[in-house]
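Encoded as structure tokens, the structure appears first; notes follow it.
The values are calculated or read from the model by the stated rules, or taken from the named source; none is laboratory data. What you see is a predicted model; the values in this text were computed from it and never measured. Ideal geometry is used to build each Cβ from the backbone, glycine not excepted, and the neighbour counts take in all protein chains shown.
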């Protein structure tokens, strides 16, 4: 089994409030308004809140009515998880240009393994500069970068960096750097955080100064891990991902097929089968190839003349490839360019065997894997496309968008008209 | 610049659901509604029975809302909810 590539030196790339930043990037001027993203689930609560909205008292988790009560100029945005995933996948692909070892942690947070990169770029500052260059211009002002030994040190450095800047922790200086950091940088729940503060432990140094056994006795195995992180004893390496081998799905017809509709149908089936392949989990398809073995035999079917006197002909075949601009796990989007090519340059004979290959992949985020882990992935992306298509059709027919979302405003109100409201829905 | 795929949703674009619709109401001798018709529309019908009555007094700290609700059955079996705004005296219909 192939080992995953790892790197002990890590650069952390963090874009806080990544989904909100994606929205600001595609809606000009949005950053100048107090803004909130609605939660992707059906609770209709706020998910992410801009700093302007925060200043008005709006917080994540609030209901729409609470938020509106605090900030009348608040702009609410429907979430578009597929777009955020695609944007993050392109960021990960760009980071792969700098280092082959890239690990995605969550939307907007990734680690780049930098072992050996000093031979290419030079000092850590140069490596950080190279990473910054791969980040898109819209994300550059908000990205925070950290560099150090192990993921935790790199993460703490990034979390302490100012927007658009980087903190580099030199090798051997990890303990001193971590000692002055607040305990909030540790991966702990609010109850543990409160307990530590009640014990007057406010920095990693204060935690690390306690005996390891005492912390373990108080907080269990999690406490032991927190202590070791705070003391700089844990330096988890960045774990890159190995791109999967090509995934192949094939179909042999009982009788050679020439009808394009039938071939298109067979193509849909092959794509669905290949998408379900376990190796595809967590990956988006970037390049795809469709080939066909064409009907052959001793005779040339095109002119009907006997070819028995000729030299044996090679097996005839047909091949098309497509590079997807946006890597995807949605069957319809993979099929679209192939079907276009199938129409434009169809096979020159009847097809005996049709073979589909996914030949290149783009990594996804952990959130993406929630979508992509199974058919739910493709289903969600397809549902979004179908909604967009339906909305376009409605707009064309009635000249205005008549789609709305029903949101809870004051569901407890005794006045029926106060309970729910409609907001424009533009998928 | 490419137009954004989705416009941001502003709170001033929120539309209330189930807004009260003004109606004309004919009262019986005891002051309860006897017939209802939509404003500018056709007669909805005579009221066969009043099933339930309740009153809502709310938002006295802002702009007082005071309503007397009637859940009524029209001739033909249609169920409607009417209320009289006790501040203005106007009648409205609202989905139950």
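Summary table below
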item: Hits in segment A:49-93 - residues which are within 14 Å of the chain's Cα centre (by Cα), assigned to a helix (DSSP H, G or I) and buried (at least 16 other Cβ atoms within 10 Å of the Cβ); result: A:81, A:82, A:83, A:84, A:85, A:86, A:87, A:88, A:89, A:91, A:92, A:93
item: Test: residue in segment B:34-56 that is surrounded by 15 or more Cβ atoms within 10 Å (Cβ to Cβ), within 14 Å of another protein chain (Cβ to nearest Cβ), modelled with pLDDT of 85 or more and part of a strand (DSSP E or B); result: yes
item: Matching residues in segment A:109-125 - criterion: being in a helix (DSSP H, G or I) and touching a strand residue (DSSP E or B) at 6+ places or on another chain (Cβ under 8 Å); result: A:124, A:125
item: Filtered residue count, segment A:64-73, keeping only those that are touching a residue at least 24 places away in the same chain (Cβ under 8 Å) and under 16 Å from residue B:16 (Cβ atoms); result: 3
item: Filter result for the condition that a residue is out of contact with any strand residue (DSSP E or B) (no Cβ under 9 Å at 6 or more places or on another chain) and within 14 Å of chain B (Cβ to nearest Cβ), over A:74, A:70; result: A:70
item: Residue ranges of strands (runs of 3 or more DSSP E) in segment A:330-427 with at least 1 members more than 20 Å from the chain's Cα centre (by Cα), away from chain B (no Cβ under 12 Å) and modelled with pLDDT of 75 or more; result: A:351-363
item: Test: residue in segment A:142-161 that is in the same structural domain as residue A:97 (by TED's automatic domain parsing), assigned to a loop (DSSP other than H, G, I, E, B) and surrounded by fewer than 14 Cβ atoms within 10 Å (Cβ to Cβ); result: no
item: Among the residues listed as A:38, A:46, the single one being within 20 Å of residue A:424 (Cβ to Cβ), within 11 Å of chain B (Cβ to nearest Cβ) and crowded, with 20+ Cβ neighbours inside 10 Å; result: A:38
item: Filtered residue count, segment A:237-277, keeping only those that are modelled with pLDDT under 90, closer than 30 Å to residue A:146 by Cα and in contact with a helix residue (DSSP H, G or I) (Cβ under 8 Å, 6 or more places away or on another chain); result: 1
item: Filter result (under 30 Å from residue A:294 (Cβ atoms) and assigned to a loop (DSSP other than H, G, I, E, B)) within segment A:223-260; result: A:244, A:245, A:246, A:258, A:259
item: Test for residue A:104: is it more than 12 Å from chain B (Cβ to nearest Cβ) and within 15 Å of the chain's Cα centre (by Cα); result: yes
item: Candidate set from segment A:17-35 (those that are more than 16 Å from residue A:53 (Cα to Cα) and not in a helix (DSSP H, G or I)); member that is farthest from the other protein chains (Cβ to nearest Cβ); result: A:28
item: Members of segment B:59-77 found to be surrounded by 12 or more Cβ atoms within 10 Å (Cβ to Cβ), touching a residue at least 24 places away in the same chain (Cβ under 8 Å) and not in a strand (DSSP E or B), listed by number; result: B:75
